[in-house]
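The values are calculated or read from the model by the stated rules, or taken from the named source; none is laboratory data. Please read these numbers as outputs of a predicted model, since none were measured by experiment. Positions of Cβ are generated from backbone atoms using ideal geometry, with glycine treated the same way; all protein chains shown enter the neighbour counts. SASA here: full protein model, heavy atoms, side chains in, ligands and nucleic acids out. Shrake-Rupley method; radii C 1.70, N 1.55, O 1.52, S 1.80 Å.
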Amino acid sequence: MDITIHSAFLPHDDPDTALAFYRDTLGFEVRGDVGYGGMRWITVGPAGQPGTSVVLYPPTASPGMTDDERRVIAEMMAKGTYGIITLATTDLDGTFERLQSGDAEVVQEPTEQPYGIRDCAFRDPAGNLIRINEIR
């Protein structure tokens, strides 16, 4: 089989703030920005990797979603327990410094983990957890 990861979805609760974070703080390029019914789906991705994208989407836009489900999603996003993505870099310390200076919410400074990786963690403006692994 020849299967690749094309896109991952992360929720946002403010499209302009999400766009600024992923474009300006993380340095991702904008690949699409589509509005429909007062909502926006924004596709971003790392420069030089056109085959891999992150779609920032309004999480409560799914058809058939109940008010209770919308409430639970909003609560989970507020706690930072709804969306997670793991990125990787060869320069963890430099990436950490850039994100920290860009006012990203630090969850964990670069740390050597007992399971064999070195990583750090941030939250994006919607509360999504972003872990960044160091590639050695």
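Observations on the structure shown:
- Any hit, the stretch 57-65, residues being under 15 Å from the mean Cα position of the chain (by Cα), exposed (fewer than 14 other Cβ atoms within 10 Å of the Cβ), of a type outside the set (D, E, K, R) and assigned to a strand (DSSP E or B): no
- Residue selected from the stretch 73-90 under the condition loosely packed, with under 12 Cβ neighbours inside 10 Å and in a helix (DSSP H, G or I), by the criterion farthest from the chain's Cα centre (by Cα): Glu75
- Of the residues making up the stretch 96-116, those that are farther than 30 Å from Thr60 by Cα, surrounded by 12 or more Cβ atoms within 10 Å (Cβ to Cβ) and in contact with a Lys or Arg (Cβ under 9 Å, 6 or more places away or on another chain) are Pro110, Thr111.
- Filtered residue count, the stretch 11-26, keeping only those that are in contact (Cβ under 8 Å) with a residue 12 or more places away in the chain and either charged (D, E, K, R) or touching a helix residue (DSSP H, G or I) at 6+ places or on another chain (Cβ under 8 Å) (or both): 8
One line per residue, one yes/no per condition, for (1) within 22 Å of Cys120 (Cα to Cα); (2) of a type outside the set (A, V, I, L, M, F, W, C):
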| residue | (1), (2) |
| --- | --- |
| Ile5 | no, no |
| Pro15 | no, yes |
| Leu19 | yes, no |
| Val44 | yes, no |
| Pro50 | no, yes |
| Pro63 | no, yes |
| Arg71 | no, yes |
| Ala78 | yes, no |
| Gly83 | yes, yes |
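- Unique match (being open to solvent by 80 Å² or more (accessible area, probe 1.4 Å), at pLDDT 95 or above and either under 20 Å from Leu129 (Cα atoms) or part of a loop (DSSP other than H, G, I, E, B) (or both)) among Asp16, Asp2, Asp93: Asp16
- Residue count for the stretch 19-56 satisfying the condition of being open to solvent by 40 Å² or more (accessible area, probe 1.4 Å), of a type in the set (Phe, Trp, Tyr) and closer than 24 Å to Thr4 by Cβ: 1.
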